[in-house]
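**Student:** Here you go, one structure.
The values are calculated or read from the model by the stated rules, or taken from the named source; none is laboratory data. Everything quoted here is computed from the prediction, not taken from an experiment. Note: ideal-geometry Cβ built from the backbone for every residue, glycine included; neighbour counts use all protein chains shown.
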Amino acid sequence: MNSLQSTTTLHNGVKMPWFGLGVYKVPEGSEALESVKAAIKAGYRSIDTAALYQNEEGVGQGIKESGVPREELFITTKVWNSDQREDRVLEAFETSLQKLGLEYVDLYLIHWPVKEKYKQSWKVLEKLYKEGRIRAIGVSNFQIHHLEDLMADAEIKPMVNQVELHPLFAQLELHEYCKKQEIQIEAWAPLGQGRLLDNPVLQEIASSHHKSIAQVILRWDIQNEIVTIPKSVRESRIIENANIFDFTLSESDMEKINALNENKRFGGDPDNFNF
Ligand SMILES: NC(=O)c1ccc[n+]([C@@H]2O[C@H](COP(=O)([O-])OP(=O)(O)OC[C@H]3O[C@@H](n4cnc5c(N)ncnc54)[C@H](OP(=O)(O)O)[C@@H]3O)[C@@H](O)[C@H]2O)c1
């Protein structure tokens with residue numbers, strides 16, 4: 001884990017970068033395109049989008065214009081809840097692929113565990129995976145009980161679980177469970193969607209390393225073997241966020257950050273959501 005292009009190996013052997021760009025709330029069109037291009041230019045190789053974000057066309061265009069060969073990139077997208085509810089997972093996948101302008105995605109995720117539906121959705125993902133149209137399949141916002149329920153009937157175990165995870169919400173039990181199951185954990189809202197960036201404990205650690213709070217959090221992710229995908233639309237922050245491979249948090253720094261955990265979610269609750 002010594003560069004932006006370092007990878008973790010998923011349980012099916014596919015290599016996934018530890019670090020990537022998230023594009024939630026990045027407007028479709030030029031902003032999506034320019035963010036993706038700026039990230040790839042800065043050395044990012046992984047981009048995380050979703051049908052929900054409605055920016056797959058801009059993301060796809062950014063990928064194309066980056067000039068980096070497709071096989072060097074790792075592209076994630078996700079099937080949205082309404083498509084699960086309406087049994088349109090296959091159509092949703094085809095639409096995403098078409099918008100992205102790609103022939104395959106590296107990772108396709110079930111965005112949320114829609115009750116009574118996610119097992120059926122998983123069957124479609126398994127089929128697409130077996131056909132070679134997706135290199136790895138996974139889930140997002142799954143709790144331990146969702147994973148157990150899914151795996152009770154699944155042919156293929158999810159390779160990734162992407163969940164809200166940051167110093168105030170460390171997801172310790174879920175992370176431990178995923179490690180045992182060889183399911184790679186991936187953090188969404190690693191920066192707490194900006195809410196963590198004035199924390200005094202993090203500020204003190206950041207100052208001692210001449211780094212920013214964002215860099216300290218992202219380094220904490222990597223040292224904890226958590227894939228991380230911070231979002232920014234600003235080139236300077238895209239570069240700053242990735243500049244975390246030239247310092248190491250000490251054990252005592254790590255402990256101080258671990259102690260910030262309050263099991264505090266900012267986003268939706270996977271056991272009780274109405275979207
Ligand atoms: N699976 C899911 O359900 C789910 C849910 C949410 C998110 N996600 C994924 O996870 C990605 C990351 O999560 P997120 O976008 O919600 O939140 P985040 O990455 O924790 O935070 C993004 C916010 O922090 C700001 N920011 C970024 N770098 C900064 C820096 N160095 N200094 C100061 N501010 C900085 C950004 O503003 P600027 O853009 O103005 O720089 C933006 O407002 C998403 O983009 C998406 O791909 C997945």
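**Student:** Report, ordered by the first and then the second residue, all pairs with beta carbons closer than 8 Å, sequence separation of six or more or different chains, a first member in the range 10-27 that is more than 16 Å from THR77 (Cα to Cα) and hydrophobic (A, V, I, L, M, F, W, C), and a second member that is surrounded by fewer than 17 Cβ atoms within 10 Å (Cβ to Cβ) and at pLDDT below 95.
**Tutor:** Correct list of pairs: TRP18/MET1.
**Student:** Let me ask something else. Given the conditions (1) farther than 15 Å from VAL163 by Cα; (2) out of contact with any helix residue (DSSP H, G or I) (no Cβ under 7 Å at 6 or more places or on another chain); (3) within 9 Å of the ligand (Cβ to nearest atom), report the number of the one that GLY267 does not fulfil.
**Tutor:** GLY267 satisfies every listed condition except (1).
**Student:** Let me spell it out: the conditions are (1) touching a helix residue (DSSP H, G or I) at 6+ places or on another chain (Cβ under 6 Å); (2) not in a strand (DSSP E or B), and ASN2 meets all of them except one. Which number is the exception?
**Tutor:** Answer for ASN2: the failing condition is (1).
**Student:** Look through VAL201, VAL227 and report the one residue that is of a type outside the set (D, E, K, R) and in contact with a helix residue (DSSP H, G or I) (Cβ under 7 Å, 6 or more places away or on another chain).
**Tutor:** The conditions single out VAL201.
**Student:** Looking at GLU116, GLU126, GLU131, GLU173, which is the one that is farther than 20 Å from ASP48 by Cβ, touching an Asp or Glu at 6+ places or on another chain (Cβ under 7 Å), acidic (Asp, Glu) and free of Cβ contacts under 8 Å to residues at least 40 places away in the same chain?
**Tutor:** On inspection, the qualifying residue turns out to be GLU126.
Rundown of residues vs (1) within 15 Å of the ligand (Cβ to nearest atom); (2) in contact with a Lys or Arg (Cβ under 8 Å, 6 or more places away or on another chain), yes/no style:
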{"position": "TYR24", "(1), (2)": "yes, yes"}
{"position": "GLY29", "(1), (2)": "no, no"}
{"position": "LYS41", "(1), (2)": "no, no"}
{"position": "SER46", "(1), (2)": "yes, no"}
{"position": "GLN54", "(1), (2)": "yes, no"}
{"position": "LYS64", "(1), (2)": "no, no"}
{"position": "TRP80", "(1), (2)": "yes, no"}
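**Student:** Pick from the range 244-253 the residues that are surrounded by fewer than 17 Cβ atoms within 10 Å (Cβ to Cβ) and part of a loop (DSSP other than H, G, I, E, B): which of them is farthest from the ligand (Cβ to nearest atom)?
**Tutor:** So the residue we want is SER250.
**Student:** Now for a different question. Please report, ordered by residue number, the helices (runs of 4 or more DSSP H) entirely within the range 137-224 with at least 3 residues that are within 9 Å of the ligand (Cβ to nearest atom) and surrounded by 15 or more Cβ atoms within 10 Å (Cβ to Cβ).
**Tutor:** 213-223
**Student:** I'm trying to understand the selection: among the residues of the range 138-149, which are without any contact (Cβ under 8 Å) to a residue 40 or more places away in the chain and either of a type in the set (Phe, Trp, Tyr) or out of contact with any Phe, Trp or Tyr (no Cβ under 6 Å at 6 or more places or on another chain) (or both)?
**Tutor:** Scanning the range 138-149 gives VAL139, HIS145, LEU147, GLU148, ASP149.
**Student:** Which of (1) more than 23 Å from ASN161 (Cα to Cα); (2) over 21 Å from the mean Cα position of the chain (by Cα) is the odd one out, the single condition ASN272 does not satisfy?
**Tutor:** (1)
**Student:** Name the single residue that is nearest to ASN2 (Cα to Cα) among those in the range 225-236 being buried (at least 17 other Cβ atoms within 10 Å of the Cβ) and near the ligand (Cβ under 10 Å from one of its atoms).
**Tutor:** THR228
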